[in-house]
Amino acid sequence: MAAPATVPTNPAIEPEFEQAVQEITTTIEPFLAVHPEYRKALEIVQIPERVIQFRVTWERDDGSVAVNRGYRVQFNSALGPYKGGLRLHPTVNLSVLKFLGFEQIFKNALTGLSMGGGKGGSDFNPKGKSDAEIRRFCYAFMLELSRHIGADTDIPAGDIGTGAREIGYMFGAYKRYRNEFAGILTGKGDDWGGSHIRPEATGYGLIYYVTEMLRDLDNTDWNGKRVIISGSGNVAQFAALKVLELGGTVISFSDSTGSLISADGQGFTVDDIAAIADVKLKRQALTEFDHSGRFEWHEGKRPWTLFESADVALPCATQNEVSEEEAEGLVKAGVRYVAEGSNMGCTQEAIDVFEATRTKIQDAANTEGICWYAPGKAANCGGVAVSGLEMGQNSQRLKWAAEEVDAKLKDIMVNCYTNCRETGKTYVKDSAVPSLVAGANIAGFEKTARAMKQQGDWW
């Protein structure tokens, strides 16, 4: 069997991108063994079609000049215009954006919508900045970015650090620079081209995906399920609200400073989540949430090893937030479902731990000990799916009702899950329970590579 095709990279320089490439490469090998002609496509798809780097100079409130690095990685347009968020965070670099853009290719393919993959952003840190400074940065950032995007070329969205305020400023800047009111960003305001339930979409979609997993594995639902959630931003909040709506109990939130847990198992309420949302809207730490001592605070810790028992774990913070040791802790606690609301939330070693519990299952009627894992490119694709729906509404100059968008989102997530499950069954026969990570990677890659071939990118 030929070795998987890879483009040489330097993990010391681009560790996140190298990790993403290796995860895809190893899991699609069963597909490549059957279709070796696709190996060339794997080699080609790892190279971005275009990488744009630029400097962003902007003025602080005291009149001094600040400078940041701006990026846009236009990774693959085989299935449609480049689509992916803009991340504003001090950790942003080319490796992080290439990893996110590479993942975005296959995530967007799994939605079934016409979207290619891309990602961008800046090492600008919005925390501690005034509203005026953020506005000036966004205008300076869009001055350069506006040269490279368009409604039929590249449609960025929000991401970490880029919320409704930042999207508004960037859209306003583009409109002034180009004298054009066009759907060049998603996540826009309701009154000027935005879609209903876009803020909720990633969290809601995550829960719709896991709902299918619950039904298939245990013929059950969310009622009574104890759910560990990391993060406390947009994805975590709306995933938690949907869990409560469906009868589950949310027993944790976290941020970069530590974890807040419900040690007595009573869980967080809708009012608690609203209060946490208010704290995060002010860009404050989770420690600012006044809970009157009802929850336990664990300084500097993630929530995965803080519970003796739980049912579902949803990483919703950032990449590589579940380690091998923490994965083993989740398995020990009896967690049966892990699904990523974050992008590449689990390290490869953690994924290996979860997948090892799956491969032990040779009888579908006896799944004791399994911890079934769903990767972010599938489980969290609801956000970009509704961005795609926003693009469709913009093209038609229409606005669909919230119920219609939610119904379309649910259909997309159910179809995505079914695609991952059936593809996993077809190509990976190591267990009575299909590999959702292999299924997602193979399904997304095959669709993208097939379009590339038909367009002459390889032959």
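Quick rundown of the values:
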{"quantity": "Count - residues of region 316-353 that are under 28 Å from Gly84 (Cα atoms) and either among the basic types (Lys, Arg) or touching a helix residue (DSSP H, G or I) at 6+ places or on another chain (Cβ under 9 Å) (or both)", "calculated": "23"}
{"quantity": "Residue that is most open to solvent (accessible area, probe 1.4 Å) [pool: residues in region 422-434 that are more than 13 Å from Arg358 (Cα to Cα) and touching a helix residue (DSSP H, G or I) at 6+ places or on another chain (Cβ under 6 Å)]", "calculated": "Tyr427"}
{"quantity": "Test result for Lys225, touching a strand residue (DSSP E or B) at 6+ places or on another chain (Cβ under 8 Å) and either open to solvent by less than 30 Å² (accessible area, probe 1.4 Å) or more than 25 Å from Asp131 (Cα to Cα) (or both)", "calculated": "yes"}
{"quantity": "Residue that is farthest from the chain's Cα centre (by Cα), among those in region 13-53 that are of a type in the set (A, V, I, L, M, F, W, C) and assigned to a loop (DSSP other than H, G, I, E, B)", "calculated": "Ile13"}
{"quantity": "Any hit, region 393-411, residues being polar (S, T, N, Q) and under 28 Å from Leu32 (Cβ atoms)", "calculated": "no"}
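The values are calculated or read from the model by the stated rules, or taken from the named source; none is laboratory data. As the structure is a computational prediction, the values presented were derived from the model and not from experiment. Cβ sites come from the backbone with ideal geometry, for glycine too, and all protein chains shown count toward neighbours. Only protein heavy atoms, including side chains, enter the accessible area calculation; ligands, DNA and RNA are left aside. Shrake-Rupley method; radii C 1.70, N 1.55, O 1.52, S 1.80 Å.
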